[in-house]
1. Scan segment A:74-90 for residues that are within 29 Å of B:Val118 (Cβ to Cβ) and either assigned to a loop (DSSP other than H, G, I, E, B) or in contact (Cβ under 8 Å) with a residue 40 or more places away in the chain (or both) and jot them down.
2. For segment B:124-137, give me each residue that is at the interface with another protein chain (Cβ under 7 Å from one of its Cβ atoms), buried (at least 24 other Cβ atoms within 10 Å of the Cβ) and not basic (Lys, Arg).
3. For segment A:6-28, check the following and say yes or no: at least one residue is more than 26 Å from A:Ala138 (Cβ to Cβ), among the aromatic types (Phe, Trp, Tyr) and at pLDDT below 95.
4. Would you pick out the residues in segment B:34-44 that are surrounded by 18 or more Cβ atoms within 10 Å (Cβ to Cβ) and either farther than 27 Å from B:Gly220 by Cβ or at pLDDT below 95 (or both)?
5. For segment B:225-245, which residues satisfy the criterion of being buried (at least 21 other Cβ atoms within 10 Å of the Cβ) and more than 17 Å from the chain's Cα centre (by Cα)?
6. Going residue by residue through segment A:10-30, is there one that turns out to be in contact with a helix residue (DSSP H, G or I) (Cβ under 7 Å, 6 or more places away or on another chain), hydrophobic (A, V, I, L, M, F, W, C) and either surrounded by 14 or more Cβ atoms within 10 Å (Cβ to Cβ) or in a loop (DSSP other than H, G, I, E, B) (or both)?
7. Starting from segment B:236-248, keep only residues that are closer than 10 Å to B:Leu145 by Cβ and touching a residue at least 24 places away in the same chain (Cβ under 8 Å), then list their pairs with residues that are assigned to a helix (DSSP H, G or I) and of a type in the set (Lys, Arg) whose Cβ atoms are within a distance under 9 Å, requiring at least 6 positions of separation or different chains.
8. If the requirement is being acidic (Asp, Glu), in a helix (DSSP H, G or I) and within 14 Å of the chain's Cα centre (by Cα), which of these qualifies: B:Glu295, B:Glu283, B:Glu334?
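The values are calculated or read from the model by the stated rules, or taken from the named source; none is laboratory data. Everything numeric in this text was worked out from a predicted model, so none of it was measured. Please note: Cβ atoms are built from the backbone with ideal geometry, for glycine as well, and neighbour counts cover all protein chains shown.
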Amino acid sequence: MSGVGGLRNVEAWRTRIPRYRFLGARCKSCGKLHYPPLKACPYCGSRDLEEAQLPRQGRLLAFTSVYSVEEGGREESPIFVGLIDLGVARVVAELTDVTDPSRLAAGIPVEAVFRRISEEDDEGVIVYGVKFRPVPGAGEGD
Amino acid sequence: MPVSVKSVGLTRIDRHYNKGVYDLAVEAVDDALKDSGAEPSYLVASTSASLLLEPQLDLASYLASHLGLRGSRALAVEAGEASGLAAILAGYRLAISTGERVLVVGVDKLSDLPSASVHAALKHVFYRYGDALYKVGHAAVAGLLASLYMDRFGVDRETMSYWPAMMHSHAKENPYAMLRFAVKPEKVATAMPVASPLTLLDMFPLGDGAAAVLLDPQGGGLAEIASVESSTGPASIAFSEDPLWLDAVEESWRRALSTAGVNGVEVLEIHDSYTIMGLLILETLRLAERGKAAELVAEGAFTVGGSGPLVNASGGLKARGHPVGATGVYMAAEVAMQLADVFPGVKADDAKTGAAVSINGHGSSAYTAIFRST
């Protein structure tokens, strides 16, 4: 076990499907979507939910460059994180493929990509899931 | 008879490499009980980050052993960064329902491990399968909120910097504060970045501390408790229609004011883990119009002689410090001391009502305690 940061091996395996397929939940009562899926709708509290695919394209509402990262993330520092508007839902996710941080800005289009998120230790399973990247060629100045 | 804060005990928040959780907690309790006769019947302990960093289960019972309180009724409360005020809520309700004295002790140690390990532990104040999934530590969500705030209300970075400057000017006078030095607002933006636009000077320091509060249903002491309330909030800023409005804070505050039968308070301790959280709480409490909190802070509205209530005379999480599970107990002790006119730092002039507002993370929960002078 390497510290307290990431998902444990069995836990990572058990919880993989929503992360791999970017599956959230739709509330049958109020109709809203959310991700990651909870057992109740975060908006109206209804327990009547169904699985729902989240859109893979969205817009960046806000971003931050994180320098005070945890162990295991230092080589990648700064790590970019965004609040992303997918139209039907919002998500907080890591931003990746940021080759030019000066082009990150509220409003730019971003898209979901499947990436490595963390690993428990050298022998542990690798946790994969969704990150978002600026849509190639769609940024300002292109 | 209302439950009162009979007495309090605080340790200075610092990097106490030579003291452990039990050393600090016993010091705070000895300080709290030195002038009071009877032993408490209940011990409510609150600790949070240490549960991950230096694990100890059933801490309250082991602490009771260290205190010589064998046979007492002891339990621990955990609510992330709001643990301390959650313990006050539990202790207050116990004191009311049993008519017995309750000792609330908050303690946490953040300085024994490298900061990268502490950030890994602290990120778990956020939802494990959501905002805490990535290797981004504790500051990312605050960075997002600050960025949204500046964008939406057109607030500039320099104006926000007056918050940490005010916290440091208050902490300078507080013997229990960790960072007792002044910081000029113009130094904040250019300090080491933590999560842009926030820097190290927008963030609480990693320190250790313990605070104890003796609650007495027989009244007397420093201050009376008028109400303690709480509310849960959204599991992520992504699930909030407006992440810059803290629903849990609004609801816990409304409930607490209503139970206490007051419209506002004269002295306040609020949760400012990062500059942005302090500003958002001020706005959610309607002490500032939306987008205007930083400007009011810069004008001196929340310090001595300002137009608003005196806010974070202790120096706040920013400069007094934030030993996570202990912070809410510090807040309660500080407000009680203000109302008794014995706070050893910046003082509210003749205040009759005060409050402590504590949250976890982005506001997954919020707690409000309201006090009045005896």
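1. The answer is A:Ser77, A:Pro78, A:Gly82, A:Ile84.
2. The answer is B:Asp131, B:Leu133, B:Tyr134, B:Val136, B:Gly137.
3. Yes: one or more hits.
4. Across segment B:34-44, the qualifying residue is only B:Pro40.
5. If the condition is that a residue be buried (at least 21 other Cβ atoms within 10 Å of the Cβ) and more than 17 Å from the chain's Cα centre (by Cα), then B:Ala226, B:Gly233, B:Ala235, B:Ser236, B:Ile237, B:Ala238, B:Phe239, B:Pro243 are the ones that fit.
6. There is at least one residue in segment A:10-30 that is in contact with a helix residue (DSSP H, G or I) (Cβ under 7 Å, 6 or more places away or on another chain), hydrophobic (A, V, I, L, M, F, W, C) and either surrounded by 14 or more Cβ atoms within 10 Å (Cβ to Cβ) or in a loop (DSSP other than H, G, I, E, B) (or both).
7. B:Leu244/B:Arg152
8. B:Glu334
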